[in-house]
Amino acid sequence: MNTASLTDPTYFINRELSLLAFNHRVLELAQDQSLPLLERLRFLCISSANLDEFFEVRVGSLRQQQALGLNQVGADGLEPSQLLDEIAVRAHVLVSQQYTVLNEVLIPALKQAGIYFIRRTQWNEAQREWLSDYFDHELMPLLNPLGLDPSHPFPKVINKSLNFIVELEGVDAFGREIDAAIVQAPRVLPRIIRLPEAIAPSCDSFVFLSSILHAFIGRLFPGMSVDGCHQFRITRNSNMYVDEEEIDDLLKAMKGELAQRNTGMALRLEVSDHCPQESVDFLQRHFHLKRQDVYRVSGPVNLNRLQTVLDLVDRPELRFRPFQQGNLPTLAQGKRDMFRLIRSGDVLLHQPFQSFQPVLDFVAQAARDPDVLAIKMTLYRTGKDSALVESLARAARAGKEVTVVVELRARFDEEANIALTSRLQEANAHVVYGVVGYKTHAKLCLVVRREQGQLMRYAHLGTGNYHAGTAKAYTDFSLFTCRPEMTEDMHRIFHMLTGLGHIRHLNCLLESPFHLHQSILRKIEREIAHAKAGKSAHIMAKMNALIEPQIITALYEASSAGVQVDLVVRGVCCLRPGIVGVSDNIRVRSVMGRFLEHPRVYYFKNSGAEELYCSSADWMPRNFFRRVEVAFPILDEGLRKRVYDEAFGLYLQDNTQAWILDAQGQYTRLTPQPNELPLAAQDVLMASLGGEDASFSGRLLDVAQPTTMH
């Protein structure tokens, strides 16, 4: 087949539209009656938060292109203006479905379960009296009404804040006629208020802040009448634009740019559905938005704030059942010697089915151990009050050589990373901000230890962040090893990051931006050659996103040559499977459930000489060309089989939490056929890897003796 024909724009799904399709799948989970009720509410909130970020980042980038007069066209051939029009159509459908799910599905189901959201029109006299008092004493002192007139222009509305436009009639204390005002709800105010049990139908009865403000907002305007009060919210461009070539201090520049995030270009206006068109038009004009940028909603303008209910309601039967994570064995004294364990063979963890604690223990033990001389680590996201960061600071204060590559530009974690940078610098650790123009996204930790007069290196490599919180919610693989070929490669990568020298040769790791992309292409070409020679050929990959056009074209070539390609892509997938003569041999599925699927795993059958890599990199242009990423091979045969089984074997059989992508770009959720037993990959892994004993039984043994790669 002519390779040029494989780049036909009709063979590619648009990235942004695929991302909206992903959020539709998240919303489907909110409607899944087999899931616990409060978890369904959580999925509704996630779909809302995801859509916020979609506008802040993806739509923000497209609008920025328009403002600069750029017409960058992707592999799918859509120009920014065409794409923004299509996004608006699909986003309106998604938002409408979100509020339908809230009002017609979840709120009635929650009420049946004894959890009430009491609307303003349903308050009885006792509730109204209590809420009136609550407004006077808890809300009014924090509210500052802003009349709109020539001396009081429209106030600055920050990103995603809750605001009200109030229609007034009458004159103020100075005799001026004021017909409109803006009331901004401070972010310190709770968006959901629990009613006292004595005046509520249950102990879990709630009222929206917006309902209370609607009911009593007139008290902010004595002597005037309120003709209407309507909530609205603005979503702004939250991309950070720092010209790294023109600045002297990235840390200082990032601090300055953070302040601008809440005041970027307005992208979307959400407003209550009963707001008069005249007021909507006024807001639309003020924020320079088109009609398609206005979203009328039937309910609170920020559904993500419903997450509060999950913290307030103590109903274990309405949540996922708790499960015990598997762990590594301890010594007789109850302590775990990570160095001894790693020396006995490579160690593999599959989080969150197994605990993240060994990763924290590895760094903590290195910080305490007098024989450890140096720790080198990359940090992308760690969370607040990270025990891992404290261990690094302790090691630096103890005089160990601690080098930390902190990615200041980890989106929406910039402020946290700036804070941890200061903590580490105060402890005398060497902090590096990565490489100008490239985010450091690789997950690496290298420990140098003196043993019997010689230096020994121990390493941890992962597919996920060094974040104890997300390690309980994201699925990821972790590998501990002391194999010299791997630790030497890591040593060279850290030298590149801190000293900016070239990497001339790596033994077994694949890294971007220099080698990973070409390495993957060569491995795909090798599978094509095997297939043409009549040998066994198979490519499998599990990741968050598949976008990069050259890789997609290469996979089309592989399919055309007879290579079977199985892809498990949680989020965005720009490849169209099942196109006759192009992608007949490619199958794509998305698996979603209790935990967020996060690992990147690549498998190449290689005519029986199998290769399997875990990685921090999705197959996206940014990961291949604008980030420092690492893919690491699973060299132990037993562990390689285990990752194969857990990343592909189970997920390709999942028939309850899987969606199949077709050539039209549509996803269809699988259900067990009459002759099939239901199988959910995450449930199987919880059962087989969870608990103190299960993680070290049978085929799921975590510690393997080193073997040579066959």
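Consider the range 75-88 and keep the residues that are part of a helix (DSSP H, G or I) and touching a residue at least 24 places away in the same chain (Cβ under 8 Å). The one that is surrounded by the most Cβ atoms within 10 Å (Cβ to Cβ) is Ile87.
None of Arg492, Arg450 is over 22 Å from Leu360 (Cα atoms) and among the basic types (Lys, Arg) except Arg492. Here Asn159 passes the criteria (1) at pLDDT 90 or above; (2) more than 27 Å from Val207 (Cα to Cα) except the one numbered (2). Restricting the first member to the range 581-592 and to residues that are without any contact (Cβ under 8 Å) to a residue 40 or more places away in the chain and over 9 Å from Trp659 (Cβ atoms), and the second to residues that are open to solvent by less than 10 Å² (accessible area, probe 1.4 Å) and part of a loop (DSSP other than H, G, I, E, B), the beta-carbon pairs closer than 6 Å and six or more apart or on different chains are Ile586/Pro577. Evaluate the following for Glu548: is it acidic (Asp, Glu) and under 19 Å from Tyr11 (Cβ atoms)? Against the criterion (acidic (Asp, Glu) and under 19 Å from Tyr11 (Cβ atoms)), Glu548 qualifies. Applying the criterion of being modelled with pLDDT under 95 and among the β-branched types (Val, Ile, Thr) to the residues of the range 476-521, the residue that is farthest from Ala558 (Cα to Cα) is Thr498.
Which residues, counting only those in the range 435-454, are open to solvent by 20 Å² or more (accessible area, probe 1.4 Å) and within 27 Å of Phe477 (Cα to Cα)?
Those that are open to solvent by 20 Å² or more (accessible area, probe 1.4 Å) and within 27 Å of Phe477 (Cα to Cα): Val435, Tyr438, Lys439, Val448, Arg449.
Just wondering, is there one or more residues in the range 379-394 that are hydroxyl-bearing (Ser, Thr, Tyr), at pLDDT 90 or above and outside any helix (DSSP H, G or I)? Checking the range 379-394: not a single residue is hydroxyl-bearing (Ser, Thr, Tyr), at pLDDT 90 or above and outside any helix (DSSP H, G or I). Scanning the range 325-339 for residues that are at pLDDT below 90 and either open to solvent by 80 Å² or more (accessible area, probe 1.4 Å) or polar (S, T, N, Q) (or both) yields Asn327, Thr330, Ala332, Gln333, Lys335. Comparison of Leu689, Leu652 shows that the only residue that is touching a residue at least 12 places away in the same chain (Cβ under 8 Å) and open to solvent by less than 10 Å² (accessible area, probe 1.4 Å) is Leu689. With respect to being crowded, with 21+ Cβ neighbours inside 10 Å, part of a helix (DSSP H, G or I) and either at pLDDT below 85 or polar (S, T, N, Q) (or both), Leu420 fits the description. Looking only at the range 461-478, filter to residues that are among the polar types (S, T, N, Q) and outside any loop (DSSP other than H, G, I, E, B); which one of those is most open to solvent (accessible area, probe 1.4 Å)? Once the filter is applied, the top-ranked residue is Thr470. Only a single item in (1) open to solvent by 60 Å² or more (accessible area, probe 1.4 Å); (2) touching a Phe, Trp or Tyr at 6+ places or on another chain (Cβ under 9 Å) is not met by His517, and it is number (1). Take Asp566 and tell me if it is in contact with a strand residue (DSSP E or B) (Cβ under 7 Å, 6 or more places away or on another chain) and either of a type outside the set (Gly, Ala, Ser) or surrounded by 21 or more Cβ atoms within 10 Å (Cβ to Cβ) (or both). Criteria met by Asp566. The number of residues in the range 59-70 that are touching an Asp or Glu at 6+ places or on another chain (Cβ under 9 Å) and either open to solvent by 50 Å² or more (accessible area, probe 1.4 Å) or small (Gly, Ala, Ser) (or both) comes to 0. Regarding Arg120, is this residue modelled with pLDDT of 95 or more, of a type in the set (D, E, K, R) and within 30 Å of Pro36 (Cβ to Cβ)? No: the conditions fail for Arg120.
Taking the stated definitions as given, is Val105 within 20 Å of Gly299 (Cα to Cα), open to solvent by less than 20 Å² (accessible area, probe 1.4 Å) and at pLDDT 95 or above? So Val105 does not fit the description; no. Screening Leu213, Leu220, Leu209 for residues that are surrounded by 18 or more Cβ atoms within 10 Å (Cβ to Cβ) and farther than 27 Å from Ala109 by Cα leaves exactly one candidate, Leu220. Within the range 603-620, count every residue that is over 18 Å from Thr481 (Cβ atoms) and either touching a helix residue (DSSP H, G or I) at 6+ places or on another chain (Cβ under 8 Å) or open to solvent by less than 20 Å² (accessible area, probe 1.4 Å) (or both). Counting residues in the range 603-620 that are over 18 Å from Thr481 (Cβ atoms) and either touching a helix residue (DSSP H, G or I) at 6+ places or on another chain (Cβ under 8 Å) or open to solvent by less than 20 Å² (accessible area, probe 1.4 Å) (or both) gives 10. State whether the residues of the range 176-193 include one that is at pLDDT 95 or above, surrounded by fewer than 14 Cβ atoms within 10 Å (Cβ to Cβ) and more than 22 Å from Asn302 (Cα to Cα). There is no residue in the range 176-193 that is at pLDDT 95 or above, surrounded by fewer than 14 Cβ atoms within 10 Å (Cβ to Cβ) and more than 22 Å from Asn302 (Cα to Cα).
The values are calculated or read from the model by the stated rules, or taken from the named source; none is laboratory data. Since we're looking at a predicted model, the values are computed, not measured. Neighbour counts are summed over all protein chains in view; Cβ atoms, including those assigned to glycine, are modelled from backbone coordinates with ideal geometry. Please note that ligands, DNA and RNA were not included when accessible areas were found on the heavy atoms of the full protein model with its side chains. Shrake-Rupley method; radii C 1.70, N 1.55, O 1.52, S 1.80 Å.
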